[in-house]
Structure formats: C-alpha cells, structure tokens
Amino acid sequence: MMHKLFISIFLVVISTFLYAQNLGRAINNLVKDGSMKHASVSITILDIPSGKVLDGYNSDICLVPASSMKVVTTAAAISILGKDYTYKTEIQYDGLVSKSVLNGNLFIKGSGDPTFGSERFKETPSMNVLLNRFQKAIQQNGICRINGLIVGDESCFGTESKPPTWQINDIGNYYGVGAWGLNIFENYYYLHFRQNPNKDTRPRIVGYFPKIPNLLLMNEVRSSGDSIDNAYIFASSYSNLFFVRGSIPVGKGYFTIKGAVPDPPFLAANMLMNTLEKSGIKTKKQATTYFEFIREGNKRKERTTIYTHESPPISSIVKRTNLESNNLYCEALLKTIGKRMNYKGDTYEGTTAVTKFWKNKGLDLEGFRMEDGSGLSPRNAVSSFHMASIMRAAAQDTVIFDTFYNSLPEAGSSGTMANMLKNTRAWGRVRAKTGTMKGIKSYTGYVKTESGKFLSFSIILNNFEPWGKVREMVGNIMIEMCKL
C-alpha cells in the first residue's frame, strides 16, 4: 500500500515538474522568436493562495498595457462604489411655476452615468423613451411653457472630459469619446458615406446621427482597394470643426464610421428642447450647458427634482466594460471614484484614488504609472508583476471577486477572448482582460488549472510584429499554464 502511495506521489511530482518545464519552454519560445527581436516583454504567473511566482520573464519591467489597465479600475470600482451602486440622471427646475409657465430654467442633471441613452442594456429604456418620460413629467408638473433655458448640467465632473495624455488621432473617434458629467448615446455619432466604386476618389458624406447642431465636417477621405475601415476623425472637445481623413473601401453601397460627440451635455439639452417643442411645450429655444450657464453670469439657485432615471448597477457596467473593452464606461467609473474619494470628478483624482486603493492592500507599486482608467493613454506604465499582483489581491477580496471574475472574458466563449483557445485544454479555464494598440498586446487574468490550482497572470508585449505568430505563442503559454 505504501509502495503504491509512493509511486502516485512520485508521478504527481514528476508530472508537475515536466509541466513547469513545458511552461518555461513556451515562454522562452515567445521571447526568443524573431518577431520579438525589437520587442519588450513582461510576463508574471502567480499562485494565488501562496503568492509564489511560478514563472515569468522581465516581471518588473514597466510597459504600456493598453486595455488590460481596465482591470485596475473596474476591480477598484466594485469595492469603492459597491456593486449595487447606480447613477442618477434627474430632471430639475429652478424658479417658480405660475399659470402653467415656468419662470426659471430646466435642467438635465447628470451624475456621470455612461449608459444614459445607450442601447447595450435590455433593461434600460431607449433615448426616445426617456425623452418622452421627461416630457410627461414636465407636463404633469403643470408646465406648458418655459421662460428660461434648457440646461445640460455636467457639473459633477470637471471640464476636462478626456485624459490629457490621450492622442490626437484617438480623441475624435468613438473609442476616444471621454466621460462627461452628462453623457448621451455613449457620446458617439454615426457618420454615413456613399461609397465610390473607383479607387482614389472621394466618397460622399450623406448624413449623420444623432443630429449635432452646427457640426462642420471637412471630408478628406479617399476610396481604397483595402477591405478595412481606415478612416479617422480629427477633432477636440467643445469644437464643432471635424476633419475626416484616411480611407474606406471602394463599393456601391453605404459605409458607416463612428465619431466622438464634441459636447454631449449640449446635445442632451438640445434633444430635450426639441422633444418639448414637438409636444407643445413652448421654450425660448435656447439650449446650453451648465458651464456656459455659469460663465454667462447665472447663479445657482435651489432646484426642484421632478423625475429621476437610474442606470444599471455597477456590476452590470463593469461586466460590459471588461467584456467589450468600453473606454467610456471605464473613464466614467474612474472619475466617479475620484469624486467619491477625493471630492473631484476628474482623471487625476481618479487615478490617485485607485492607485492608493491598491497600495492600501499592501501592494508594491514602485514604477507603476496610471494616466487614465481605460488604458488608451500610451503613457501608462505597469509591469506584469504589478498586474498579476492586483489580480491576486482582487481574488482574495470577497467583496470584489465574484462580480469581477464574472466580468472577465472567458477563453473560447465570450468578449475579447471569444475566438481564442477554442478546442484546447485552456478552453473555459482562462479568464482575461485583453489589451490592444498598435504594436501592443496584453493579457491579464486568471487560470484554473487541471490540477485545481488557481493562478493570476499578466503578459504584456510592446513593439512587436506581426501579430498572427505571436498570438499562437501566447496561446501556448496559456495552455501550458492550465496543465500545472
């Protein structure tokens, strides 16, 4: 009996040793490959219960993580804000109502809700439904005419809608929309082209939605034989002059790209004003934002709230953020954390609060630099050890873990990992947040091994090419992790 037990233990030890060797070999194959000749690589694999480093490479080198940075923000948001926290958007007025006339101003008061007007959530009403509800609430309060302004109140956050280290070629596009105190339609619009069948010709802009007042589009787009969307919008917040450059495929149909709304609070106020006018509620036909309202010398007065809309809970927002890598949602969470912890809703206060949160869990974050919440900033700098350690800390926090773990894409099944590792031994055993920018790829997450171990890991690659071969080698590392 003892002999059989000894043999069993011996075989387990040998197999564990061999699997560890295979993992080391898979890592070495990646870092020594010719496609990584000019690249920087950082890899860390941790055993969660013990904190032991099982394997790695350049674990302390700080690199750009791209969207893997979202795990740092979303895990902290679950703890700091609470998984059941909801944003509230309110319809308010100041002044007095007399004889069906509001002698005052009407406000859409935002709290930073990134889902306001979004169609991602089945349980959330569409923007048209919300506008109709707002209009009915106004009528039910006896208001048939408004003698003041329609104001989009974004004052819960500052005027810096986008992190200052985001790049100019990103901030005019749908993934670089930034987070206002009052968001709408996820702060992007659809821009429609009529394709041209001939190369090097200019496709015509035929429209955009939603309608943005005074938007001026300079079309410099060309038709290309490539089958991909290579058109980008160059613009800045609060400016209505947009340059559209690059190329779209040749063809005979229509082609759509998405751009960043320059002033979402103004768009929200303008849409409400138009809805009220159509319903018969008379206005001065003057929509504005709260910052313009104050700049023009108006004073804050006591307000009456007549309608409140609530967002989905943080748990649902975090899940969408990580599964779909939504930059707006993550930046809104970051600013909300900043407001909760430091009383100011901006990027700096948010990154300061999140970094402090993880340091308070005993993590060594020397060299860690967080410039935004979503990872779009090329000035973020983290090591794979930082990231794997944060994932380990999240796994050991019962308040965070279940909600956070279930928000991460699952290998072969969901989100940005849906098409990776299918029909392999890693299928369903790996959950990870991915990160992608030009020349950058990262994976940060968890592994449940075949022997029952629970691991956290991070793989960060900068300045490599091409991706196809590298993807296969990274996948092999994940497969070998699952065998431990």
- Task: Counting other beta carbons within 10 Å of each Cβ, put LEU365, LEU455, LEU216, LEU149 in order, fewest first.
- Result: LEU216, LEU365, LEU149, LEU455
- Mind checking which aspartates and glutamates have their Cα closer than 14 Å to the Cα of LYS422? Skip sequence neighbours fewer than 8 apart in that chain. GLU410, GLU472
- Message: Using Cβ counts within 10 Å as a stand-in for footprinting exposure, how do MET69, MET341 rank, fewest first?
- Response: MET341, MET69
- Relative contact order of the range 65-195: what whole-number percent is it, with Cα pairs under 8 angstrom and at least 6 residues apart? 27 percent
- Query: So what's the angle, to the nearest 10 degrees on a 0 to 90 scale, between helix 384-395 and the longest Cα principal axis of the chain?
  - Reply: 80 degrees
- Three-way shape call for the range 114-173 based on the alpha-carbon gyration tensor, with the a/c threshold at 1.5: oblate
- Pairs LYS88/LYS278; LYS162/LYS356; LYS70/LYS448; LYS52/LYS361: which exceed 24 Å Cα-Cα? LYS88/LYS278
- Item | the range 53-127 and the range 198-244: distance between their alpha carbon centers, rounded to Å | 28 Å
- Item | Cross-link partners of LYS37 among lysines (Cα-Cα below 27 Å; sequence separation of 8 or more within a chain) | LYS433, LYS438, LYS441, LYS469
- Note on the structure: To the nearest 10 degrees, the tilt of helix 264-279 (Cα long axis) against the first principal axis of the alpha carbons of the chain is 50 degrees
- Query: Within straight cross-link reach of LYS199, meaning Cα distance under 18 Å, which lysines are found once same-chain residues fewer than 8 apart are removed?
  - Reply: LYS252
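Just want the ordering: VAL151, VAL250, from fewest to most Cβ atoms lying within 10 Å of their own Cβ.
Numbers: VAL151 31, VAL250 20.
The most exposed by this proxy come first: VAL250, VAL151.
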- Message: Apply the a/c threshold of 1.5 to the C-alpha gyration tensor of the chain and tell me whether it is rounded, prolate or oblate.
- Response: prolate
- Message: For the chain, give me the percentage of DSSP beta bridges that are antiparallel, rounded to the nearest 5 percent.
- Response: 75 percent
- Message: My understanding is that a pair violates if its Cα-Cα distance is over 25 Å; which of LYS136/LYS285; LYS285/LYS335; LYS211/LYS285 do that in this structure?
- Response: LYS285/LYS335
- Message: Output the 0 to 90 degree angle, nearest 10, between the alpha-carbon long axis of helix 2-31 and the longest principal axis computed from the alpha carbons of the chain.
- Response: 60 degrees
- Message: Between SER227 and CYS144, what's the calculated FRET efficiency when r is the beta-carbon distance and R0 is 56 Å? Round to 0.05.
- Response: 0.55
- Paramagnetic reach from ASN103 in the range 127-169 [backbone N under 16 Å; point 7 Å along Cα→Cβ]: 143-149
- Query: Between PHE401 and SER279, what is the spin-label point distance in nm, taking each point 7 Å from the Cα along the Cα→C-beta axis?
  - Reply: 4.8 nm
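Coordinate-derived values only; no laboratory data. Here the structure is a predicted model, which means the values were calculated and not measured. Virtual Cβ from ideal backbone geometry, glycine too; neighbours counted across all protein chains shown.
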